[in-house]
1. Being surrounded by fewer than 20 Cβ atoms within 10 Å (Cβ to Cβ) and closer than 30 Å to I145 by Cα narrows it down to one residue among A14, A34, A10, A66; which is it?
2. Any residue in the range 208-219 that is surrounded by 17 or more Cβ atoms within 10 Å (Cβ to Cβ) and outside any helix (DSSP H, G or I)?
3. Does L165 meet the test of being touching a Gly at 6+ places or on another chain (Cβ under 7 Å), surrounded by fewer than 17 Cβ atoms within 10 Å (Cβ to Cβ) and either farther than 18 Å from A76 by Cα or β-branched (V, I, T) (or both)?
4. Report, by residue number, each residue of the range 207-222 that is without any contact (Cβ under 8 Å) to a residue 60 or more places away in the chain, over 12 Å from V275 (Cα atoms) and among the aliphatic types (A, V, I, L, M).
5. Grab the helices (runs of 4 or more DSSP H) fully contained in the range 54-119, keeping just those with 2 or more residues being touching a residue at least 60 places away in the same chain (Cβ under 8 Å).
6. Based on this model, can you work out whether T57 counts as on the phi < 0 side of the Ramachandran plot, in contact with a Ser or Thr (Cβ under 7 Å, 6 or more places away or on another chain), surrounded by fewer than 23 Cβ atoms within 10 Å (Cβ to Cβ) and among the hydroxyl-bearing types (S, T, Y)?
Amino acid sequence: MALNRSNWRATAEAIAIPIVAILFALILFGIFCAFCGKNPLSIYGAIYSTAFGNWRTFQGTLLRAAPLMLTALCTALPARLGLMIIGNEGALVMGGIGATIAGLMLSYGSLLPNVDQVKNTLGLPSLTVQIGMALGGILFGGLWIAAVGALRHYRAVNETISSLLMNYIAIALLNHLVEGPMKDPASLNKPSSFPIPDAYQLSNISGTRIHYGLLYGLIACIISYFLIQHTTFGFAARTAGGNVKAARIAGLPVGKLTVIICFLAGSCAGLAGMVEVAAVQGQANGSLVAGYGYAGILVAFVARYNPLAAAIVAVLLGGIINSGGALQRTFNMPDATVLVFQGLVFIVVLYSESLYGRLKIFKEAEVKAPPPSAASTAVPV
């Protein structure tokens, strides 16, 4: 029973602290809005109505949540191994590049198709091309973050710094490709690759504006949860994350675990890049750098690196992102105002990490031993 009570208190703590942190961030955001001369309650109402007010607006929220679920796993999975990866944006961009290359090659047989190739594609089934694009995104994104894990294990390079720097490398590589080797000559105002044919792009779920990328995100979160919590591989990863020395003494291959976990993490963000190309942009361009990777870090933090919780938090944060346009139209506030709120949530959640295990309300009362009786303290004759 004591163990059950302890588990219950730990679960309650893991749920209550993030919720209180978000509420406190809401208060700080309200103070910020008040300084801007706006009514905080009206702002809150606009955010809610735009994000969750009706089915139509909620569909927009789910569209934003789809890539957030996948990019959150890029941070959540390595965290179970004790690694802090923040290269989500770079992995998403690389996944978008890989998906574009695979899509163009399977559609036209070339990255720079001529007029005849554009009019007459290779004629492969739509599902085949989409699977190829998904594999391209997974491979490019996975290898990108796997390189971070390899640097961490074999060369002791700090994974947080290296993954952050690799974001900029990925973005620079994207700009180079769409402005040079992969540029569509027709994309004058916004350099882009040749577009993926409409027949090969991800369609929407029947009767909605929501593309199938949302299902990809939900399935990835469910699989990641069971992989980490209910498999021997996940147990080995959690053991290595708890104590690397003990894991090595037990004979666990820490190096392989590090690279594999990082590959899986990057593949999830890479799949998010594929979704952006195949369902939203239709081609590779600068719009791939939309901030979903950075927002995914916040989702992972608030969810306490739990893949199932990340799916729920992604919907909440997706609603906040979806409300940016409404704040601009209704209150004449910059569209980036929601970034202020995200930043406040990030800071408060980081601070709340120091509260775990310290709040008395989540601690079991210590049972004090009764004072020794006079008989027990008597000196035998």
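1. A14
2. Yes, the range 208-219 contains a residue that is surrounded by 17 or more Cβ atoms within 10 Å (Cβ to Cβ) and outside any helix (DSSP H, G or I).
3. no
4. I219
5. Because the criterion is at least 2 residues that are touching a residue at least 60 places away in the same chain (Cβ under 8 Å), the helices (runs of 4 or more DSSP H) in the range 54-119 that meet it are 55-79, 88-108.
6. yes
Per-residue answers, yes or no, for (1) modelled with pLDDT under 90; (2) in contact with a Pro (Cβ under 6 Å, 6 or more places away or on another chain):
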site	(1), (2)
L23	no, no
L26	no, no
A34	no, yes
P40	no, no
T50	yes, no
F58	no, no
T61	no, no
L68	no, no
T71	no, no
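Yes or no, residue by residue, for (1) under 22 Å from L264 (Cβ atoms); (2) under 20 Å from the mean Cα position of the chain (by Cα); (3) modelled with pLDDT under 95:
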position: S206; (1), (2), (3): no, no, yes
position: F226; (1), (2), (3): yes, yes, no
position: G234; (1), (2), (3): yes, yes, yes
position: A237; (1), (2), (3): yes, yes, yes
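The values are calculated or read from the model by the stated rules, or taken from the named source; none is laboratory data. In this text the structure is predicted, and so the values were computed from the model without any measurement. Cβ sites come from the backbone with ideal geometry, for glycine too, and all protein chains shown count toward neighbours.
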